[in-house]
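Student: Sharing a structure with you now.
The values are calculated or read from the model by the stated rules, or taken from the named source; none is laboratory data. The shown structure was predicted, so the numbers you read here are calculated from the model rather than taken from an experiment. In this analysis, Cβ positions are derived from the backbone assuming ideal geometry, glycine residues included, and neighbour counts consider all displayed protein chains. Side chains are part of the model used for accessible areas, which takes the heavy atoms of the whole protein and leaves out ligands, DNA and RNA. Shrake-Rupley method; radii C 1.70, N 1.55, O 1.52, S 1.80 Å.
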Amino acid sequence: MSIKNIKIISGAFFVIAIAVVLYLFLKDQEKQDFPKEYTVEKVWNLPRELDEVSGIAWLEDGKLLMVQDEEGALFIFDLNFNEVTQKIPFGDDGDYEGVTVVGQNAYVLRSDGMVFQIENFQSDMPHVTQYESEFSSRNNMESLTYDIKRNVLVVVPKDRDTSDDFKGLYEISIGDWTIDTIPKVKIKMGDTIFMGVEKKKIHHTFSPSDIAIHPISRSYYVLDGRRPKLLLLDPAGGLQRLIRLDRKRFPQPEGITFSPNGTLYISNESTGGVATVIRLRLKE
């Protein structure tokens, strides 16, 4: 073998070795905890019927309303007793992703953009109405919350918006069911806050899996379940902070909600383990 060939082979092995080391480093970065960002205060293991928990909303007295992405049913989970206390069917099986509560009514978002209004959802005979939106399965809709100040639902595409350059926060009026075609807020995929986590396909840089509004500060909190992250936006939509979540504790964060005093809860699908709800406190 010529010296030239030896140099070529040696160079190829060197490049491969560097690539392997870099890959292992990045994988280790994904797995490590980030204690400077938040404190996990309590963890609840969910029953098997909630393995696919995909959205949560605060009710009252330590209870959460939940949906899972395979069955058309609402679940009331009592954090105090660590159990499901009520199951409320509302539709056929489907990919249900987001849930929020407005008074006595619950709203559920399906991934194809369909919104279900379940009136008096805790009564013996809840009334269900379906509303079409401007979105479709192409957008892959998972994020839903209620803005009490503006009396609107807020939704966010997970996969693609009208442009790959941003993911928009869109408002749906509950009164007349009008949907803004222009987003109130744009999460720009090229913003410097995503430096270091950006993807080659720019729309994959941040993939919203749920959204909540802080009851006191009015800031938006947006989850990314594919690559566990939490994005904070001020009430005007300015990007403030990107928090990387430890994949060991947050293997697939799909739901987020606040109690009235601002306590933060995030739910995780099981991904082969146990589905959980985690109470956490962010550090300044």
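Student: Looking at the range 242-259, can you tell me whether even one residue there is part of a strand (DSSP E or B), open to solvent by 10 Å² or more (accessible area, probe 1.4 Å) and more than 16 Å from K42 (Cβ to Cβ)?
Tutor: yes
Student: Could you grab me the full set of residues in the range 148-167 that are open to solvent by 10 Å² or more (accessible area, probe 1.4 Å) and farther than 25 Å from K201 by Cα?
Tutor: Across the range 148-167, the qualifying residues are I148, K149, R150, N151, V152.
Student: Looking at the range 188-210 only, could you name the residues that are out of contact with any helix residue (DSSP H, G or I) (no Cβ under 6 Å at 6 or more places or on another chain), aliphatic (A, V, I, L, M) and modelled with pLDDT of 95 or more?
Tutor: Result: I193, single match.
Student: Another one. Looking at T271, is it free of Cβ contacts under 8 Å to residues at least 40 places away in the same chain and either part of a strand (DSSP E or B) or within 20 Å of V43 (Cα to Cα) (or both)?
Tutor: Numbers: free of Cβ contacts under 8 Å to residues at least 40 places away in the same chain: yes; either part of a strand (DSSP E or B) or within 20 Å of V43 (Cα to Cα) (or both): yes.
The answer is yes for T271.
For every residue, the table says whether it meets (1) within 26 Å of D93 (Cβ to Cβ); (2) in contact with an Asp or Glu (Cβ under 8 Å, 6 or more places away or on another chain); (3) touching a residue at least 24 places away in the same chain (Cβ under 8 Å).
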site: T129; (1), (2), (3): yes, yes, no
site: S143; (1), (2), (3): yes, yes, yes
site: D159; (1), (2), (3): yes, no, yes
site: D164; (1), (2), (3): no, no, yes
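Student: Continuing with this model, one more query. Filter the range 192-211 for residues that are assigned to a helix (DSSP H, G or I) and not aliphatic (A, V, I, L, M) and give the result.
Tutor: T192, F194, H203, H204
Student: Does I213 fit the bill of being closer than 18 Å to V99 by Cβ and either at pLDDT 95 or above or in contact with a Cys (Cβ under 7 Å, 6 or more places away or on another chain) (or both)?
Tutor: Against the criterion (closer than 18 Å to V99 by Cβ and either at pLDDT 95 or above or in contact with a Cys (Cβ under 7 Å, 6 or more places away or on another chain) (or both)), I213 qualifies.
Student: Among the numbered criteria (1) in contact with a Ser or Thr (Cβ under 9 Å, 6 or more places away or on another chain); (2) open to solvent by 10 Å² or more (accessible area, probe 1.4 Å), which one does I182 miss?
Tutor: For I182, the exception is condition (1).
Student: Out of the range 186-207, which residues are closer than 19 Å to G237 by Cβ, in contact with an Asp or Glu (Cβ under 8 Å, 6 or more places away or on another chain) and of a type in the set (K, R)?
Tutor: K188
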